[in-house]
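**Student:** One structure, as C-alpha cells, below. Some questions next.
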Amino acid sequence: MEWGPIILTFRLASITTVLLFLVALPLSYWIAFSRSRWKPVLETLISMPLVLPPTVIGFYLLVAFSPENALGTFLHDYMGLQLVFSFEGLVIASMIYSLPFMVQPLQAGLANLPPNLKEASYVMGKSRMATAFYVLFPTIKTSILTGLVLTFAHTIGEFGVVLMIGGNIPNETRVASIAIYDEVESLNYANANAYSLFLFILTFSILLTVYVINSGQFKRIWK
Amino acid sequence: MITFDLQKNLGDFELNVRFELGEGDFLTLHGPSGAGKTSILRMMAGLLKPGHGFIEVGNECWYDSAKSIWKKPQERSVGMVFQDYALFPTMTVRENLAFALPKKGDHRILDELTEIMELGGLEHRKPSQLSGGQQQRVALARALAKKPQLLLLDEPLAALDQGMRLRVQDYLLDVHRRYGLTTLLVSHDMGEVFRLSNRVLTLEKGRILRQGSPSEVFTHKNLSGKFQFTGHVVHLKQEDTIQIVSVLIDNHVIKVVATPEEVRGFAVGDKVIVASKAFNPMIRKID
C-alpha cells in the first residue's frame with residue numbers, strides 16, 4: 001500500500017470541507033430565513049446530489065469543464081484553471097457532490113433557533129451580520145460540527161464523481177477509493193484490502209464522533 | 001410624549017389602535033390572547049410593520065405610512081423583554097449584558113444593572129444554569145443596557161411563580177422610576193396591572209375596549225359591594241330552630257346558617273348561590 005492516495009484523499013476532503021463551509025454558511029442562512037418563492041427550487045437543486053448517481057454529476061461537470069466548451073475555455077484562458085482531470089476540478093466536483101451534507105445541517109440548525117434570539121439582537125441595535133456571527137452561528141455549533149464532519153467523511157467516500165472527472169492520475173486525482181478499484185482490477189487483493197480497511201476504520205471513527213457528540217455526551221464541553 | 005396610530009390586517013381581525021402616552025407612563029396592554037397586544041409591542045420595536053398609521057416618539061418619527069418612513073429596530077431607542085427571555089445561550093450573563101451595550105457605551109451601567117438586579121455572583125454563568133427568576137432579571141438588565149427611552153415587556157412574568165413574580169415586579173418598578181422610562185407591558189394578571197401601571201388599555205380583537213387608570217378600567221363597571229359564589233349543597237342539618245347548610249364551593253365546604261323558610265325545598269346536590277354584602281369582610285395579607 002502506498003500513502004500517496006491516502007494523503008491525496010485527506011487533502012481533498014480537508015480543502016473541500018473548508019471551502020464548502022464558506023460557501024454553505026451564507027447559502028444556508030438565506031434558505032433558512034428567506035421567504036422567496038425560489039427557495040424550493042434552490043433547496044431541490046442542493047438536495048439533488050443525494051439522489052442522482054454520482055456519474056451523472058461527474059458526466060455533466062466533465063462536459064461543462066471540457067476545454068471544448070465555453071465555460072472550460074473561459075476558465076482556462078482567463079483564470080488559468082484546468083478543471084478536467086486535475087485536483088482543482090476534483091475539489092469543485094466534491095463541493096457540489098457534498099453540498100447537501102453541509103447545507104442541510106446548517107439550515108436545520110438555523111431554522112430551529114427561536115426567532116426571538118435574532119429579534120432580541122436587532123432590538124439591541126446589532127446588524128444582521130453581527131447577529132449572525134455573534135449570536136446565531138455560535139448557537140448552532142453542533143450543527144456546524146455535524147456539517148463539517150459529514151462533508152469530510154462523504155468526500156472520503158467519493159468514487160463515481162472522481163472517476164468521471166478526475167480519472168486515475170497518481171498524486172493528482174488518484175484518491176484512495178480509486179486506488180482500491182485499480183488494485184482489484186490488477187488482482188492485488190491484499191493492497192485493496194489495506195486501503196479498504198483503512199477507509200472503513202477511519203469513516204467509522206468519524207461518524208461515531210458525530211453521533212456521540214449529537215447524543216449530548218459531549219455537551220458539557222461544547223455548550 | 002409617545003403617540004401611535006397602528007392599523008394592520010392580522011388575519012382574523014383588523015388591528016386599529018390609536019393612543020398617546022406621556023413620558024414616564026407605565027402602560028399595560030390587557031385583553032384576551034390573540035387580541036393584538038404582542039403585535040402592538042412588535043410594531044413599536046420595529047419587528048412588525050403596520051399597514052397604516054404612524055409612531056412618534058418625542059420629536060422623532062419612527063414610522064409614518066404617509067411619508068414611507070420606517071425605522072428599523074436597530075435605529076430605535078427601545079429595550080424589549082421577550083416572553084421566553086431570548087437570552088443568548090452561548091454567552092455568559094455578563095456577555096449577554098455587554099453584547100447589548102452600544103459601541104461607545106459605558107461599561108459602568110453594566111455594573112450598576114448587575115447590582116440593581118442582584119445578579120452579583122452570577123455573571124459568569126450561562127443562562128441554562130440560572131433559575132427562571134434569574135433569567136428574567138438578566139433579560140430585564142440586558143434590555144436596559146442601552147438606556148432605551150421605551151421599554152417593551154411581553155408577558156415577562158408569565159412563567160414565574162407568585163413569590164418570584166412579586167419580586168421581579170419590584171425590580172421593574174425600581175428601574176422604571178430610576179431611569180425615567182416609558183414602559184409598555186403586556187399582561188393578563190390583574191394584580192400586576194394594578195401594582196405596576198398607571199394606565200391600562202383593554203383590547204379585544206384589535207380594538208380598544210376601555211382605557212384609563214387601572215381602577216377606572218377595572219373597578220367601576222362591576223362594583224356591586226357583594227361577594228357571590230356558586231356551589232352545591234352537600235348536607236342539610238336542623239339544629240333547634242335553624243338550618244345548617246353545607247355547601248361545596250370549589251374545593252371548600254362552607255357552612256351557612258339559614259332559616260327553615262329559606263331552605264324549604266332544598267335537597268342535597270342542588271346548585272345554589274351563596275352571597276354576602278362586602279361591608280364587613282375580614283381582610284388579611286397572606287404572604
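**Student:** Which listed residue (A:Phe10, A:Val51, A:Val84) has the Cα farthest towards the positive end of the charge dipole for the range A:1-91, taking +1 on Lys and Arg C-beta and -1 on Asp and Glu C-beta about the Cα centre?
**Tutor:** Sorting the options by dipole projection puts first A:Val51.
**Student:** Counting other C-beta atoms within 10 Å, and keeping those with at most 13, which DSSP coil GluC sites (Glu not before Pro) do you find in the range A:24-109? Don't jump to the answer; show the numbers that get you there.
**Tutor:** Values: sites: A:Glu43, A:Glu68, A:Glu88; in loops: A:Glu68.
Here the sparse-neighbourhood loop sites are A:Glu68.
**Student:** Continuing with this model, one more query. Under Stokes-Einstein, with the Kirkwood radius over Cα pairs standing in for Rh, what whole-number D in µm²/s applies to the range B:6-88 at 20 °C and 1.002 mPa s?
**Tutor:** 154
**Student:** Do any trypsin sites (Lys or Arg not before Pro) in the range B:185-287 lie in a DSSP loop with no more than 11 other beta carbon atoms within 10 Å, and if so, which?
**Tutor:** Taking the range B:185-287 and a limit of 11 other Cβ atoms within 10 Å, the loop trypsin sites (Lys or Arg not before Pro) found are B:Lys221, B:Arg264, B:Arg284, B:Lys285.
**Student:** Separate question: Could you tally up the Lys pairs in chain A with alpha carbons closer than 20 Å? Skip any pair fewer than 8 positions apart unless they're on separate chains.
**Tutor:** On the way: A:Lys118/A:Lys126; A:Lys118/A:Lys141; A:Lys118/A:Lys223; A:Lys141/A:Lys219; A:Lys141/A:Lys223.
Taking chain A as the scope, the lysine pair count is 5.
**Student:** Moving on to the next point. For the interface of B with A, what's the total buried accessible surface in square angstrom, probe 1.4 angstrom, rounded to the nearest hundred?
**Tutor:** Between B and A, the summed buried area is about 1700 Å².
**Student:** Let me ask you something else. Could you tell me the relative contact order of chain A? Use alpha-carbon pairs under 8 Å, at least six residues apart, and round to a whole percent.
**Tutor:** In percent, rounded to a whole number, it is 29.
**Student:** Relative to the first principal axis of the alpha-carbon coordinates of chain A, what is the inclination of helix A:4-33, with its axis defined by its Cα atoms, in degrees from 0 to 90 and to the nearest 10?
**Tutor:** Helix A:4-33 sits roughly 30 degrees off the main axis of chain A.
**Student:** Same structure again: Round to a whole angstrom and tell me the spacing of the C-alpha centers of the range B:1-73 and the range A:84-143.
**Tutor:** Cα centroid of the range B:1-73 versus Cα centroid of the range A:84-143: 33 Å apart.
**Student:** In addition: For the range B:162-254, what is the accessible area per residue in Å² when the probe is 1.4 Å?
**Tutor:** Accessible area per residue, the range B:162-254: 57 Å².
**Student:** Mind checking the full-extension length gain between B:Asp106 and B:Gln238? Use 0.36 nm per residue of separation minus the Cα-Cα distance, one decimal, nm. The partial results should precede the final answer.
**Tutor:** Working: separation 132, 0.36 × 132 = 47.52 nm, distance 7.64 nm.
My answer for the length gained is 39.9 nm.
**Student:** While we're on this one: Go through A:Met1, B:Met1, B:Met44 and list them by solvent-accessible area, largest first, probe radius 1.4 Å.
**Tutor:** Sorted descending by solvent-accessible area, the residues read B:Met1, A:Met1, B:Met44.
**Student:** Next up: Using a probe of 1.4 angstrom, how much of the accessible area of the protein assembly as shown is carbon and sulfur, in percent?
**Tutor:** On the way: 15540 of 27000 Å².
Solvent-exposed carbon and sulfur of the protein assembly as shown make up 58 percent of the total.
**Student:** Tell me the per residue accessible area of the range A:4-221 using a 1.4 Å probe; a whole number in Å² is fine.
**Tutor:** 51
**Student:** Same structure again: Give the average, rounded to an integer, of partner chain Cβ atoms located within 10 angstrom of each Cβ in B:75-87.
**Tutor:** Counting other chains' Cβ atoms within 10 Å and averaging over B:75-87 gives 4.
**Student:** How shielded is A:175-188 by partner chains, expressed as the average number of their Cβ atoms within 10 Å of its Cβ atoms?
**Tutor:** Other-chain Cβ atoms within 10 Å of each residue's Cβ, averaged: 0.
**Student:** May I ask for the percentage of alpha-carbon pairs in the protein assembly as shown that lie more than 39 Å from each other?
**Tutor:** Everything past 39 Å amounts to 50 percent.
**Student:** Among the DSSP beta bridges whose two residues both lie in the protein assembly as shown, what percent are antiparallel, rounded to the nearest 5?
**Tutor:** 70
**Student:** Let me see the P(r) profile for chain A: every Cα-Cα distance counted, bins of 5 Å, each bin given as a percent of all pairs.
**Tutor:** Bin by bin from 0 Å, the calculated values are 1, 7, 12, 15, 17, 15, 12, 9, 6, 4, 1, 0, 0, 0.
**Student:** Next up: Mind checking which lysines have their Cα closer than 19 Å to the Cα of B:Lys285? Skip sequence neighbours fewer than 8 apart in that chain.
**Tutor:** Output for B:Lys285: empty list, no partners.
**Student:** Something else about it: From the C-alpha coordinates alone, can you work out the Kirkwood hydrodynamic radius of chain B, in Å?
**Tutor:** Every distinct Cα pair counted, the radius reaches 22.0 Å.
**Student:** Which value in deg cm²/dmol, rounded to the nearest 500, describes the helix-derived mean residue ellipticity at 222 nm for chain A, given -39,500 (n - 2.57) per DSSP H run of n ≥ 4 and division by the residue count?
**Tutor:** Taking each H run of at least 4 residues, the total per residue is -24000 deg cm²/dmol.
**Student:** What's the extension gain from A:Glu43 to A:Asp77 if we count 0.36 nm per residue and subtract their Cα-Cα distance?
**Tutor:** So the extension gain works out to 9.0 nm.
**Student:** What longest range of chain B stays clear of loop-exposed GluC sites (Glu not before Pro) (DSSP non-H/G/I/E/B, at most 15 other C-beta within 10 angstrom)?
**Tutor:** Answer from the scan: B:119-260.
**Student:** Here's another thing I want to ask about it. So which helices of chain B fit the span-like rule, where a helix is a whole DSSP H run, its Cα atoms reach 15 Å or more along the axis, and its mean Kyte-Doolittle is at least -0.5?
**Tutor:** Helices meeting the span and hydropathy rule in chain B are B:132-144.
**Student:** On average, how many beta carbons from a partner chain sit within 10 Å of the beta carbon of a residue in B:88-96?
**Tutor:** Per residue, the average neighbour count from other chains is 4.
**Student:** Just read off the accessible area of B:Leu41 with the full protein assembly in place, 1.4 Å probe, to the nearest 10 Å².
**Tutor:** Its accessible surface works out to 0 Å², give or take rounding.
The values are calculated or read from the model by the stated rules, or taken from the named source; none is laboratory data. What you are looking at is a predicted structure, and each value in this text was computed from that prediction instead of being measured. Positions of Cβ are backbone-derived with ideal geometry, glycine not excepted, and every protein chain shown enters the neighbour counts. Heads up: the accessible areas ignore ligands, DNA and RNA and are worked out on the full protein's heavy atoms, side chains in. Shrake-Rupley method; radii C 1.70, N 1.55, O 1.52, S 1.80 Å.
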